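The values are calculated or read from the model by the stated rules, or taken from the named source; none is laboratory data. For clarity, every value in this text was computed on a predicted model and none was experimentally measured. Cβ placement follows ideal geometry from the backbone for every residue including glycine, while neighbour counts extend to all protein chains displayed. Keep in mind that these areas ignore ligands, DNA and RNA; they rest on the heavy atoms of the full protein, side chains included. Shrake-Rupley method; radii C 1.70, N 1.55, O 1.52, S 1.80 Å.
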Amino acid sequence: MALKASPSDQALLLDLQAVDTKLRQLEYKAKSLTQHAAIATLTSQIDGLRATELERRGAREDVTIELSRLESDVTVVEARIKRDEERAQASSSAKDAQALEHELASLRKRQFDLEEIELTVMEKLEERDAALAETQASLTDLRAQIGELEVARDTELKVITDEQKHTAANRSTIAAKVPADLLALYEKQQARYGTGASLLRGGVSGANGVRLLENELVAIRAAAPDDVLICPSSDAILVRTGESGL
């Protein structure tokens with residue numbers, strides 16, 4: 001048996017559809033906030049900088065290890081120089097003293113070379129420190145930018161969420177006035193086709209802007225006012241009013 005509903009009950013579907021359309025628009029608006037894309041871009045940049053930071057931290061660690069090894073070598077050479085100087089002062093043998101002086105000359109040359117290399121490595125460490133600090137500063141700046149964007153996003157989302165709650169409450173009020181069987185059909189058509197109700201205005205279906213064919217309009221004119229009709233072009237419930245041009 002065809003579904004029946006009074007014209008006034010059917011007209012409520014237009015209000016319900018308007019509210020549902022607004023809810024979809026609000027959902028889209030929430031998902032399309034400019035901050036989402038900006039945060040995603042900055043997050044991607046942070047991921048890249050984190051990789052750079054890890055690489056530069058590792059490079060700095062390598063130089064630190066190299067410098068530590070050089071400092072250890074210098075300490076060993078300095079200890080040997082001190083030992084040989086003490087032995088040379090205590091030696092009474094000219095031959096031994098000559099041998100010790102020769103060894104001391106070699107050790108001092110080795111100490112000089114190591115200290116020169118040490119200075120070069122220390123300069124390299126300063127460069128690594130500067131590169132790492134630059135990366136960390138960039139990360140701090142990006143995180144601050146994301147923080148600002150998140151505050152702006154959350155502020156806008158709060159406004160949208162409040163509007164969604166108000167609109168959802170309005171929907172519940174309207175839906176409570178619609179007969180259960182008519183509401184069920186509306187929900188079914190909306191779930192399937194995206195639109196639950198369409199106003200027929202001047203022979204045109206409001207759901208998709210399509211003008212109905214003459215034979216379709218003839219069938220619609222022949223229907224009783226309380227017949228619930230399905231729009232032949234959009235599959236939404238076709239709501240007829242004084243604007244329908246029938």
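The label point for T75 and the one for H102, both projected 7 Å from the Cα toward the Cβ, are 3.1 nm apart. In the context of the full set of protein chains, the stretch 182-246 has a per residue accessible area of 49 Å² (1.4 Å probe). Between E61 and H166, the FRET efficiency from the beta-carbon distance, with R0 = 45 Å, is close to 0.20.
When the Cα convex hull of the stretch 25-121 is projected onto planes of every orientation, the mean area is 8.4 nm².
The slack in the chain from N208 to V159, taken as 0.36 nm per residue of separation less the alpha-carbon distance, amounts to 14.6 nm. Put a dot 7 Å past the Cα of T52, heading toward its Cβ, do the same for I230, and the two dots end up 6.0 nm apart. Is the stretch 101-179 rounded, prolate or oblate when judged by the Cα gyration tensor, a ≥ b ≥ c being the square roots of its eigenvalues, rounded requiring a/c under 1.5 and prolate requiring a/b larger than b/c? Prolate, since a/c reaches 1.5 and a/b exceeds b/c. Amide H to amide H distances under 5 Å link L199 with G206, A207, V239, where only residues 5 or more positions off or on other chains count and H is placed in the peptide plane. If you wrap the tightest convex hull around every Cα atom of the stretch 110-246 and split its volume per residue, you get 219 Å³. Close amide H partners of S244, meaning residues 5 or more places away or on another chain with modelled amide H under 5 Å apart, are G202. Rounded to whole numbers, the Karplus 3J(HN,Hα) couplings from phi for the stretch 158-174 are 4, 5, 5, 4, 4, 5, 4, 5, 5, 5, 5, 5, 4, 4, 4, 5, 5 Hz, using 6.51 cos²θ - 1.76 cosθ + 1.60 with θ = phi - 60°, and x at Gly and Pro. The calculated P(r) of the chain, using every Cα pair and 10 Å bins from 0, goes 6, 18, 13, 10, 9, 8, 7, 7, 6, 5, 5, 3, 1, 0 in percent.
Overall, the accessible surface of the stretch 78-232 at a probe of 1.4 angstrom is composed of carbon and sulfur to the extent of 54 percent. A simple rule links phi to the HN-Hα coupling: the Karplus curve 6.51 cos²θ - 1.76 cosθ + 1.60 with θ = phi - 60°, which for the stretch 118-131 gives 4, 5, 5, 5, 5, 5, 5, 5, 4, 5, 5, 4, 5, 5 Hz, with x for Gly and Pro. Rounded to the nearest 500, the 222 nm mean residue ellipticity of the chain from helices alone is -28500 deg cm²/dmol, with -39,500 (n - 2.57) taken per DSSP H run of at least 4 residues. By the Kirkwood approach, averaging reciprocal distances over each pair of separate Cα atoms, the stretch 3-49 gets a hydrodynamic radius of 13.9 Å. Non-local lysine pairs in the chain, meaning eight or more places apart or on different chains, with alpha-carbon distances under 28 Å, amount to 21.
Taking 0.36 nm per residue of sequence separation and removing the Cα-Cα distance, the T43/K124 pair yields an extension gain of 26.1 nm. Based on the Stokes-Einstein relation at 4 °C and a viscosity of 1.567 mPa s, and on the Kirkwood radius from alpha carbon pairs, the stretch 100-139 is assigned a translational diffusion coefficient of 106 µm²/s. Label separation (E86 vs A11): 11.2 nm, computed from points 7 Å beyond Cα along the C-beta direction. A straight line joining the Cα centroids of the stretch 128-162 and the stretch 177-246 runs 50 Å. Taking every DSSP bridge with both residues inside the chain, close to 65 percent are antiparallel.
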